[in-house]
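Below is one structure, written out as structure tokens; the observations come after it.
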Amino acid sequence: MKFKTLTQYLVEQQRLHQAVSPEVRLLIETVSRACKAISHAVSKGALGGVLGSQGTENVQGEIQKKLDVLSNEILLEANEWGGNLAAMASEEMQTIHRIPNHYPKGQNLLLFDPLDGSSNIDVNVSIGTIFSVLQAPPSAAGREITEADFLQPGSRQVAAGYAIYGPQTMLVLTVGNGVMGFTLDREMGSWLLTHENIRVPEQATEFAINMSNQRHWEAPVQRYIDECLAGETGPLGKNYNMRWIASMVADVHRILTRGGVFMYPRDARASGRKGKLRLMYEANPMSFLVEQAGGRAVDGDTRILDIQPDAIHQRVGVVLGSREEVERVQRYHQQG
């Protein structure tokens, strides 16, 4: 069986559908090459001396793993020189990273979580890289890029995706024309299209949430989970299974594969009142993917892609997945 390569797919999207510009096509190819390098480092594990803590904290106050720092450096170095970008922003960095003056600059902005789920590195659970592409606003022409230029709602993303480093390494991508899955052929070094037009089932019988936080949940979340746990004799009339990997990439990949709902909601704790996941690096790109696959994504009561960011490290509640399940949770929030 002959598979289409990532480059072939992107060229078709550029030529036939005008869904991607030449500049964005080259940018996605560069990101995909960086993800190959990260995949290689992840696969070496203890043999490559990359396990364990770096002994530092990121801007979020979280302990950085060695692979967090290495993955961030790989993405920065790979994307600096290509001429496709004006600036980058990373979950691991305090502020934005402007393209050095000795390199040509483009009109795009790249945001990424270099290694999502890194708390699972040392226990060999699937982790991944999440990325999002925006266009620099017209007002940025002829001046230096600022953080404010990144503060665009997720609906303005021109591309988003993730690489998942698991039993297979996959790249899941949208350029606004559906969701495609590419598997890394390690022998050839190529990303091959293996999952076309991924669609999230409208209904589901699985939910993913950290049950240890139950005592802190808002009432609408508690109501929904109680109804799931009530099973076929409850108001939802069906039995649910719970899944929780604690790696957003892995949880969302499962939802894109077989449906369900992933929830990391706001809660009553001081650290959780606005949510825990990052809007720009996690929630927006994943919401773009899920919506392009026919699902839904809300922060509770509001569509995530409609949120106007006010900071590059802004946090948000996340409920995403199968359309009917997410709309039910949203309805419970709107009802109070």
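Structure above, values below:
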quantity	calculated
Pairs, first touching a residue at least 12 places away in the same chain (Cβ under 8 Å) in the stretch 79-99, second polar (S, T, N, Q) and open to solvent by less than 20 Å² (accessible area, probe 1.4 Å), C-beta under 6 Å, six or more apart	ASN79/THR30; GLY82/THR30; ASN84/ASN108; LEU85/ASN79; LEU85/ASN108; SER90/ASN72; GLU92/ASN58; GLU92/ASN72
Residue ID - farthest from VAL179 (Cα to Cα), chosen from residues in the stretch 4-29 that are β-branched (Val, Ile, Thr) and buried (at least 18 other Cβ atoms within 10 Å of the Cβ)	VAL24
Contacts under 6 angstrom Cβ, first residue in the stretch 207-232 being farther than 17 Å from GLY260 by Cα, partner exposed (fewer than 13 other Cβ atoms within 10 Å of the Cβ), 6 or more apart	HIS216/ALA268; HIS216/ARG269
So HIS253, is it open to solvent by 30 Å² or more (accessible area, probe 1.4 Å), touching a Gly at 6+ places or on another chain (Cβ under 9 Å) and either under 30 Å from TYR9 (Cβ atoms) or among the small types (Gly, Ala, Ser) (or both)	yes
Some residue of the stretch 179-194 being among the charged types (D, E, K, R), surrounded by 14 or more Cβ atoms within 10 Å (Cβ to Cβ) and in a helix (DSSP H, G or I)	no
Sole residue being open to solvent by less than 20 Å² (accessible area, probe 1.4 Å) and of a type in the set (S, T, N, Q), chosen from SER287, SER271	SER287
Total residues in the stretch 293-310, condition open to solvent by less than 40 Å² (accessible area, probe 1.4 Å), over 18 Å from CYS228 (Cβ atoms) and either in contact with an Asp or Glu (Cβ under 9 Å, 6 or more places away or on another chain) or part of a helix (DSSP H, G or I) (or both)	5
Count - residues of the stretch 202-213 that are open to solvent by 20 Å² or more (accessible area, probe 1.4 Å) and either part of a loop (DSSP other than H, G, I, E, B) or of a type in the set (Lys, Arg) (or both)	4
Answer from ALA136, ALA141 - the residue that is closer than 20 Å to ALA89 by Cα, touching a strand residue (DSSP E or B) at 6+ places or on another chain (Cβ under 9 Å) and not basic (Lys, Arg)	ALA136
Scope the stretch 74-124; condition among the aliphatic types (A, V, I, L, M) and at pLDDT below 90; matching residues	ILE121, VAL123
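Table: residues versus (1) open to solvent by 10 Å² or more (accessible area, probe 1.4 Å); (2) farther than 20 Å from ASN284 by Cβ; (3) touching a Leu at 6+ places or on another chain (Cβ under 9 Å); (4) part of a loop (DSSP other than H, G, I, E, B).
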site: ARG215; (1), (2), (3), (4): yes, yes, no, no
site: PRO220; (1), (2), (3), (4): yes, yes, no, no
site: ARG223; (1), (2), (3), (4): yes, yes, no, no
site: GLU232; (1), (2), (3), (4): yes, yes, no, no
site: TRP244; (1), (2), (3), (4): yes, yes, no, yes
site: THR257; (1), (2), (3), (4): yes, yes, no, no
site: MET263; (1), (2), (3), (4): no, no, yes, no
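The values are calculated or read from the model by the stated rules, or taken from the named source; none is laboratory data. Owing to the predicted nature of the structure, the values given are computational and were not obtained by experimental measurement. Methodologically, a virtual Cβ is constructed for each residue, glycine included, from the backbone with ideal geometry; neighbour enumeration extends over all protein chains shown. We work out accessible area using only protein heavy atoms, side chains counted, and drop any ligands, DNA or RNA first. Shrake-Rupley method; radii C 1.70, N 1.55, O 1.52, S 1.80 Å.
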